[in-house]
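Here the structure is laid out as structure tokens; the discussion comes afterwards.
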Amino acid sequence: MLDIRFKRINYNEKCAPKDLRSNDQRTTADCGAIPGRREREAARIRGNRVRDLNKIQSEAYRQVEQIRGLADAKATEIYSKAYNQSPEAVAFYEFTRTMQS
């Protein structure tokens, strides 16, 4: 092996050298703002957006499944009434099911 290069070193917060600790502890000279605050705020906003989108999607999926269940129940009720009107209707239904399979 000839060469080793580190892309990133993660320090435990307690063990990190003082000058490498959180960016929040250092301030910029030009505006006095804390570096990283914008990045944290952007990450928080993105996280909230993802959470809200997931909530909307799960609520929509729940409503779709509920509507689908009601529609299936109504269709089953209609088929039951239609095919159980007479013995001939039952025989016809059994015949059509046999032909479909």
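The values are calculated or read from the model by the stated rules, or taken from the named source; none is laboratory data. Small disclaimer: the values here were computed from a predicted structure and weren't measured. For neighbour counting, all protein chains shown are included, and Cβ atoms are generated from backbone atoms with ideal geometry for every residue, glycine included. Side chains included, ligands, DNA and RNA excluded: accessible areas come from the protein's heavy atoms. Shrake-Rupley method; radii C 1.70, N 1.55, O 1.52, S 1.80 Å.
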Exercise for review: Express in Å², to the nearest 10, the accessible area of S86 obtained by rolling a 1.4 Å probe over the protein heavy atoms while all chains stay in place.
Suggested key: 40
**Study point:** Net charge of Cβ neighbours under 14 Å - reference G47; Lys, Arg +1; Asp, Glu -1
**Key:** +3
Point to revise | Separation of the V90 and E77 label points, Cα + 7 Å toward Cβ, nm | key: 2.3
Revision key, fill the gap. Total charge of the residues flanking N84 in space, meaning their Cβ is under 15 Å from its Cβ, with Lys and Arg +1 and Asp and Glu -1, is -1
Study note, to complete from the structure: Nearest-0.05 FRET efficiency for S101 and R46 at R0 = 41 Å, using Cβ-Cβ distance, is 0.20
